[in-house]
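The values are calculated or read from the model by the stated rules, or taken from the named source; none is laboratory data. A quick note: this is a predicted structure, and the numbers were derived from the prediction, not measured. Cβ atoms come from the backbone with ideal geometry, glycine included; neighbour counts cover every protein chain shown.
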Ligand code: HAM
């Protein structure tokens, strides 16, 4: 029996991969402009990194991690996200001591979560994310959000909605937490067992429960915004001021609770408003995590970042019907006629390629008509025709496939003349 692809994963084939490459390239270019540098961390880490970093009470850690024991008996986990790994590297490689502060990093690569697959939700997905470590300036919060928004806009997305919230500093969160416990405690038996566990450990998580979403206590739960102390309020106001200055429209939603535990102050999500995008509308999420570096064993360091998945990015482009032109076609297809010309074309093809020209030839002994058909399929701009006779006379014919014009060139200077013709 044939073996099939694992559930929740994808093969990205030629024809589709070009859009992936384009998004990846745009993301890299934008990071260069915003001065974020790439970091590559391992695909797996010690399990403890995520249980400590992402949080023991989160769905990700409790239900979704791909955890395994290696042959040495260590518990390892395929990374479910990139922030914990980036912070681990920041601490371990002592980037907090680097002269360039804040340390601004980006990553792009596969993440793994054992979730129920559905449209826009995969078990292996590719995240592009950025993390800015070391600065407490609300201008960085606005910068992180603006990079995400600009990437989407540059690719042509228009139907975007930015939702922001503040989870406040430690003091504000303690006060809010207390209010949440008081609110839910008397009727916690009406909630699911997960929520009952969350009440003492992490009551904020109750607000994120999918099962009890409709319970009447949810809509009347105390809002974090009412518990922000003066510092947290001032911080949040600055972030909003900068977003307005950058002409980025946003909505404040006091119920925005992210699925990871490390957030404080700014939390945000970017949604797609496009019709037909599907049930999951979140394209990107992020926020500030001022305690995470310490949690992972480093010095007190503020941080903020976001991540998006390319899968949902592409789904949004499709939902909005954005037409993206992908450069297609090769520069030159070599058509040969006769045995000697065919042999000669092996070397000629290499010369073209080494000169920077994308080139192809036939590998099936096809007749000349079929070779031209192959050239058409590859959308060749030019076809170079070499027969045994031309080879003897040091000539080659070159046909411009768009105009139909044909010229005869000297074979020994063909590659350099072809290069000039391209300009
Ligand atoms: P997250 O909200 O868990 O945050 O994920 C960020 C983004 O990853 C989501 O908005 C979505 O685009 C994508 N994503 C998550 N799960 C899946 C899935 N199963 N299939 C497809 N796409 C998915 C984080 O991961 C944080 N590390 C973000 C962050 C960075 N916060 C601060 N810095």
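Here is a list: 49, 30. Which entry is touching a helix residue (DSSP H, G or I) at 6+ places or on another chain (Cβ under 6 Å), assigned to a helix (DSSP H, G or I) and within 15 Å of the ligand (Cβ to nearest atom)?
The conditions single out 49.
Of all residues in segment 114-154, which are within 9 Å of the ligand (Cβ to nearest atom), outside any strand (DSSP E or B) and within 15 Å of the chain's Cα centre (by Cα)?
120, 122, 123, 144
Can you list the helices (runs of 4 or more DSSP H) found entirely within segment 325-409 that contain at least 3 residues being under 29 Å from residue 16 (Cα atoms)? Explain how you work it out, then say what you get.
Values: elements: 339-354, 368-377, 388-392.
Helices (runs of 4 or more DSSP H) meeting the threshold: 339-354, 368-377.
For segment 94-111, what are the residues that are more than 9 Å from the ligand (Cβ to nearest atom) and part of a strand (DSSP E or B)?
Of everything in segment 94-111, those that are more than 9 Å from the ligand (Cβ to nearest atom) and part of a strand (DSSP E or B) turn out to be 103, 104, 105, 106, 107, 108, 109, 110.
Taking the conditions exactly as written (touching a residue at least 40 places away in the same chain (Cβ under 8 Å) and outside any loop (DSSP other than H, G, I, E, B)), does residue 174 satisfy them or not?
Taking the combined requirement at face value, the residue does not satisfy it.
If we keep just the residues of segment 378-415 that are in contact (Cβ under 8 Å) with a residue 40 or more places away in the chain and under 42 Å from the mean Cα position of the chain (by Cα), which is farthest from residue 349 (Cα to Cα)?
379
Considering only residues that are at positive phi and without any contact (Cβ under 8 Å) to a residue 24 or more places away in the chain, which ones fall in segment 307-334?
The one that is at positive phi and without any contact (Cβ under 8 Å) to a residue 24 or more places away in the chain: 321.
Out of the residues in segment 252-271 that are in a loop (DSSP other than H, G, I, E, B) and near the ligand (Cβ under 8 Å from one of its atoms), which is farthest from residue 153 (Cα to Cα)? Spell out how you get there, then give the answer.
First, the residues of segment 252-271 that are in a loop (DSSP other than H, G, I, E, B): 253-263.
Narrowing further to those that are near the ligand (Cβ under 8 Å from one of its atoms): 258-260, 262-263.
Values: 258: 24, 259: 25, 260: 27, 262: 28, 263: 26 Å.
Applying the filter and picking the extreme gives 262.
Would you mind stating whether residue 35 is touching a strand residue (DSSP E or B) at 6+ places or on another chain (Cβ under 8 Å) and surrounded by fewer than 13 Cβ atoms within 10 Å (Cβ to Cβ)?
Answer is yes for this residue.
Return yes or no: is residue 274 surrounded by 14 or more Cβ atoms within 10 Å (Cβ to Cβ), at pLDDT below 95 and more than 15 Å from the ligand (Cβ to nearest atom)?
In short, no.
Which condition does residue 311 not pass, out of (1) more than 30 Å from residue 153 (Cβ to Cβ); (2) touching a strand residue (DSSP E or B) at 6+ places or on another chain (Cβ under 6 Å), if it passes all the others?
Failing condition for residue 311: (1).
Regarding residue 291, is this residue within 16 Å of the ligand (Cβ to nearest atom) and farther than 27 Å from residue 126 by Cβ?
yes
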